[in-house]
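Structure record follows, encoded as structure tokens.
The values are calculated or read from the model by the stated rules, or taken from the named source; none is laboratory data. Remember, it's a predicted structure, so these values are computed and weren't measured experimentally. Just so you know, the surface numbers come from the protein's heavy atoms only, side chains and all, with ligands and any DNA or RNA stripped out. Shrake-Rupley method; radii C 1.70, N 1.55, O 1.52, S 1.80 Å.
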Amino acid sequence: MEKDKGDSALKDVAVLWEDDDSAALFKPAGLIVHPSGRGEEITLCDFVLRRWPQTKNVGESLVLNKELRI
């Protein structure tokens, strides 16, 4: 799903429950959870950042490396 089609993709995401520290979301099939860096697809992270913009800098940065094998 491209970013310009994002609003329609994100309309099916639902907040099932939330409190001050966490939330439970309904994610429709086919919606990517986080950006892959390969394109401009809309993701569940876009929904989270729109709903809770204060989460933008939460967590650690992850740098993907071709030589890193898990």
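Laid out as a table, the results:
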quantity	calculated
Cut-off under 5 Å, modelled amide H: who pairs with residue 25 long-range	16
Order of exposure, largest accessible area first, which applies to 42, 32 with probe 1.4 Å	32, 42
Solvent exposure ordering (accessible area, 1.4 Å, most first) of 61, 22	61, 22
Solvent-accessible area of residue 47 with every protein chain in place, 1.4 Å probe, in Å² to the nearest 10	30 Å²
Extension reserve of the residue 61-residue 21 stretch, reckoned as 0.36 nm per residue once the Cα distance is removed	12.4 nm
Residue order for 7, 12, 20, 46 - accessible surface, 1.4 angstrom probe, largest first	20, 7, 12, 46
